[in-house]
Amino acid sequence: MVTVIQHEPGEGAGSLGALLGERKTRLVRTFAGDPVPDAADALVVLGGGMSAYDPLPFLEAEIRLLKRCVAERRPVLGICLGSQLLARALGATVARAQQPEIGFYRTRLTGEARDDALFSQAPGDFVAFHWHGDAFSLPPGAVALASSTITPLQAFRYGPRAWGIQFHLEIDAQVLDAMLASEDLGDDAGLLRKQAERELPRLHPIATRVFSNWTALL
């Protein structure tokens, strides 16, 4: 069973959810008060508007769950807030970034990503969607996989089965609409929608390949 932790009402698993398909999935909606489980066979932690260092009981419970899943070598995937929580669980620092990164920006893979189980078949650089104001340091023992101009560390792998991805690789039109509705961006919202018409079709096959590689571990 794959446990998926969702922090915001409209921000689901997007393109990853479609790939989970017929697999048995337990959706934990922290925004609705669902309790965070103590264990999971496989774990996905999605994004959210809070910070990984906020003193919220459910976030501390997620960090404990992430630690256990990593120790047990369960497949783990953290996206945006989820990647920050994974970084914290592994002993890294999460703090306010020098500047927020919101929009479609180019992401570049590191040389180590060429041999990575998830990213080895992805292009060396591509435009991804970003929405974060925090950044993390590289956890001890982890491998850096991606960067952007604004954020030097965009993705990492820890051990053989745990990944943190800062950018929103899972983004689709529905998730984007939910994110734009959550904050007043003024004219920037219209610009992002126009960019999405061009960029989402380009990002989708990359996301499909990366997430397919992750689901193959299940």
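Between Ala117 and Asp54, 0.36 nm times their residue separation minus their Cα-Cα distance comes to what?
Details: separation 63, 0.36 × 63 = 22.68 nm, distance 3.18 nm.
Gain on stretching Ala117 to Asp54: 19.5 nm.
Based on the Cβ-Cβ distance from Thr25 to Arg193, what FRET efficiency comes out when R0 is 30 Å, to the nearest 0.05?
Values: r = 29 Å, r/R0 = 0.97.
Result of the calculation: an efficiency of 0.55.
Quick one: if you take sqrt(5λ) for each eigenvalue of the C-alpha gyration tensor of the range 18-129, what semi-axes come out, biggest first, whole angstrom?
Numbers: eigenvalues 118, 74, 44 Å².
For the range 18-129, the ellipsoid semi-axes come out as 24, 19, 15 Å.
Tally the DSSP beta bridges in the chain and give the antiparallel ones as a percent, rounded to 5.
Numbers: 21 of 37 bridges.
Percent antiparallel among DSSP bridges in the chain is about 55.
Out of these labelled values of Cα Rg over 2.2 N^0.38 Å, (1) 1.51; (2) 1.15; (3) 0.93, which was calculated from the coordinates shown here?
(3)
Sort out the exposed loop GluC sites (Glu not before Pro) in the chain (DSSP loop, at most 15 other Cβ within 10 Å) and tell me the longest stretch that has none.
Working: sites that count: Glu22, Glu72, Glu183.
Counting at most 15 other Cβ atoms within 10 Å as exposed, the longest clean stretch of the chain is 73-182.
If you add up the charges near His7, with Lys and Arg at +1 and Asp and Glu at -1, over every other residue whose beta carbon is less than 12 angstrom from its beta carbon, what do you get? Don't skip to the end; give the middle numbers.
Details: positive: Arg29; negative: Glu8, Glu11, Asp34, Asp54, Glu62.
Around His7, the charge tally is -4.
Taking the alpha-carbon centroid of each part, what is the distance from the range 180-218 to the range 116-141 in angstrom?
Measuring centre to centre over Cα atoms gives 14 Å.
Mind sorting His204, His168 by how few other Cβ atoms lie within 10 Å of their own Cβ, fewest first? Don't skip to the end; give the middle numbers.
Working: His204 16, His168 24.
Fewest-to-most Cβ neighbours within 10 Å comes out as His204, His168.
Between Glu183 and Ala95, what length comes free when the chain is fully extended (0.36 nm per residue of separation minus the Cα-Cα distance, one decimal in nm)? Intermediate results must be reported in sequence, preceding the final value.
On the way: separation 88, 0.36 × 88 = 31.68 nm, distance 2.11 nm.
Separation in residues times 0.36 nm, less the Cα-Cα distance, equals 29.6 nm.
May I ask you to derive the FRET efficiency for Thr149 and Leu217 from their Cβ-Cβ distance with R0 = 25 Å, giving the value to the nearest 0.05? Please report the intermediate quantities before stating the final value.
Working: r = 31 Å, r/R0 = 1.24.
Approximately 0.20, to the nearest 0.05.
Since every read-out is calculated from the coordinates, none of them should be taken as a lab result. Everything numeric here is computed off the predicted structure, so don't read it as measured data. So basically every Cβ, Gly included, is an ideal-geometry build from the backbone, and we count neighbours across all protein chains shown.
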